[in-house]
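Below: one structure in structure tokens.
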């Protein structure tokens, strides 16, 4: 079976990370997979052995998702977007997939609706149209207007054969963040959580006993880093390490290095998941992939949900994790070094939770669902 996965990450790298995990699962099932990535390259993510086609990249203008920037940091032009659209449709014609998966769209990425709709129409026009699936995480950004729900429903009804919801319905149902119509409910397939296999221990026990501070793969989190730098000064008995993401990580590290602190500053690294096995505690945001990494590694964790630009998704996820042992939540607006230290000390003292109660094989289940729908 031939599978095409289309994804564009605009701020962090979570969408691409999840698409890569899905791609590997299809590959392991013997399928031919091509992933089309429309965000900026993310060197910290492992793409080895995957057919990854890079579109002319886009990113958001900070947390303003209504303005998209090109590879030079300039506002996108119609010709730039048309180039992306042409590459998408050309790739579809060359691969002729049996299954087409769009990450997030039409529940998000509405600024890119023209290229997605062109792709969907081209897919439906093929002699043997592929089965078309949307792929979404456990919690979406709740729609700000009823019209957004109505438009998404219309697109789903016209083009999609199913929606893969990467959550455990016993833990988090889509209704928590998105209105589910009768039509949509009939197309939902809960896969369980999508995560790579547990990373296991680091061969060098990197990060052992440290407080590891991170903010995902995007150019965000400066408030967290500045607070952590100050907290490290007041907690000399612990080694603090800050992993800084984004394509401008080097410049941000240089700027943060001007703050007097014993904390160690580095760019995000591909062995981050292995480090979580050894650290004393993690301080991070609460994106989908980060939350699963923390659960898999059983890491004591202070969660600081990303809430800029009216974002509420991570706050909802942190709230769902709060009852579990070893999690504390802080709000960005209330960050202080003392508050961060207090939260770190609480998770260090909490009972160690077990990962055994959670299912992380959602990618395998997604492959089964796609095969069933495609009759493969």
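Label residue 83 and residue 331 with points 7 Å out from Cα along Cα→Cβ: what is the distance between them in nm?
4.4 nm
Sorting check: for 35-41, 234-240, which peptide has the highest mean count of neighbouring beta carbons within 10 Å, and how do the rest follow?
The peptides rank, most packed first, as 35-41, 234-240.
Give the relative contact order (percent, whole number) for the stretch 1-121; include only Cα pairs under 8 Å separated by 6+ residues.
Details: 189 pairs, mean separation 35.5, N = 121.
Answer for the stretch 1-121 is 29 percent.
Going by alpha carbons, how many degrees (0 to 90, nearest 10) lie between the helix axis of 113-124 and the longest principal axis of the chain?
40 degrees
Moving on to the next point. Tell me the relative contact order for the chain as a rounded percent, counting alpha carbon contacts under 8 Å between residues six or more apart.
On the way: 741 pairs, mean separation 59.5, N = 376.
Relative contact order, the chain: 16 percent.
Measure of size requested: the Rg and Dmax of the chain, with Cα atoms as the atom set and Å as the unit; please supply both.
When restricted to the Cα atoms of the chain, Rg and Dmax are 20.6, 67 Å.
Per the helix-only calculation at 222 nm, which mean residue ellipticity applies to the chain, given -39500 (n - 2.57) for every DSSP H run of n ≥ 4 and division by its residues, nearest 500 deg cm²/dmol?
Rounded to the nearest 500, it is -10500 deg cm²/dmol.
Quick check: from the Cα gyration tensor, does the stretch 1-134 come out rounded (a/c under 1.5), prolate or oblate?
Taking the square roots of the gyration eigenvalues as a ≥ b ≥ c, the stretch 1-134 is oblate.
Starting from the 7 Å offset along Cα-to-Cβ, what nm value, one decimal, do you get for the label separation of residue 110 and residue 368?
Computed distance between label sites residue 110 and residue 368 equals 3.5 nm.
Here is a follow-up. Any chance you could give the angle, 0 to 90 degrees and rounded to 10, that helix 288-297 forms with the longest Cα principal axis of the chain?
Roughly 60 degrees, rounded to the nearest 10.
Could you tell me the center-to-center distance, by alpha carbons, between the stretch 293-312 and the stretch 164-210 in angstrom?
13 Å
Please give the FRET efficiency for residue 208 paired with residue 310, using the beta carbon to beta carbon distance and R0 = 45 Å, rounded to the nearest 0.05. Walk me through the intermediate numbers first.
Values: r = 39 Å, r/R0 = 0.86.
E between residue 208 and residue 310, to the nearest 0.05, is 0.70.
Sticking with this one: Describe numerically, in nm with one decimal, the distance between label points set 7 Å from Cα along Cα→Cβ at residue 338 and at residue 67.
Spacing of the two 7 Å Cα→Cβ label points: 3.8 nm.
Take the alpha carbon gyration tensor of the stretch 211-349, find the square roots of its eigenvalues, order them as a ≥ b ≥ c, and report rounded if a/c is under 1.5; if not, report prolate when a/b exceeds b/c, else oblate.
The shape class here is rounded.
With a 10 Å radius around each residue's Cβ, average the other Cβ atoms per peptide and rank 143-149, 169-175, 214-220, highest first.
Going by the mean number of other Cβ atoms within 10 Å, highest first, we get 214-220, 169-175, 143-149.
Now for a separate question. Among 345-358, 124-137, 48-61, 273-286, how do they line up by average Cβ neighbours within 10 Å per residue, starting with the highest?
Descending mean neighbour count gives 273-286, 124-137, 48-61, 345-358.
Values quoted throughout were computed directly from the atomic coordinates according to the rules given, and no laboratory measurement underlies them. Everything numeric here is computed off the predicted structure, so don't read it as measured data. Positions of Cβ are backbone-derived with ideal geometry, glycine not excepted, and every protein chain shown enters the neighbour counts.
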